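Visitor: Please read through the structure below; I'll follow up with questions.
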């Protein structure tokens with residue numbers, strides 16, 4: 001059985017990993033936009049305007065899911081543990 005402190009630590013590390021991935025994905029999309037768009041154009045045949053919207057959708061959905069499923073439970077568990 002997992003204790004409350006172990007669960008808090010697990011969700012805390014998961015939050016950190018997800019936030020780090022979100023930052024990395026954002027940096028790659030911002031600074032390597034041309035290369036990423038070129039690859040996705042060739043592989044999927046999607047236009048540049050549509051890819052911009054899809055990148056924004058991906059980043060926004062990932063951010064919301066990270067906040068809802070990792071950061072908010074971590075904060076709640078930290079409050080409960082005090």
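Here, each number is a calculation from the coordinates, and none is a lab measurement. These numbers come from a predicted model, not from an experiment. Cβ sites come from the backbone with ideal geometry, for glycine too, and all protein chains shown count toward neighbours.
Visitor: Which of the numbered conditions does residue 14 fail, given that it passes all the others? Conditions: (1) under 12 Å from the mean Cα position of the chain (by Cα); (2) surrounded by 14 or more Cβ atoms within 10 Å (Cβ to Cβ); (3) closer than 23 Å to residue 80 by Cα; (4) free of Cβ contacts under 8 Å to residues at least 40 places away in the same chain.
Guide: Answer for residue 14: the failing condition is (4).
Visitor: Ok, one more. Collect the residues in segment 17-61 that are within 14 Å of the chain's Cα centre (by Cα) and over 30 Å from residue 78 (Cβ atoms), keeping them in residue-number order.
Guide: Residues satisfying the conditions are 28, 29, 55, 56, 57.
Visitor: Quick one: would you say residue 71 is within 12 Å of the chain's Cα centre (by Cα), under 29 Å from residue 15 (Cβ atoms) and free of Cβ contacts under 8 Å to residues at least 60 places away in the same chain?
Guide: Details: within 12 Å of the chain's Cα centre (by Cα): yes; under 29 Å from residue 15 (Cβ atoms): yes; free of Cβ contacts under 8 Å to residues at least 60 places away in the same chain: yes.
When the stated conditions are applied, residue 71 passes them.
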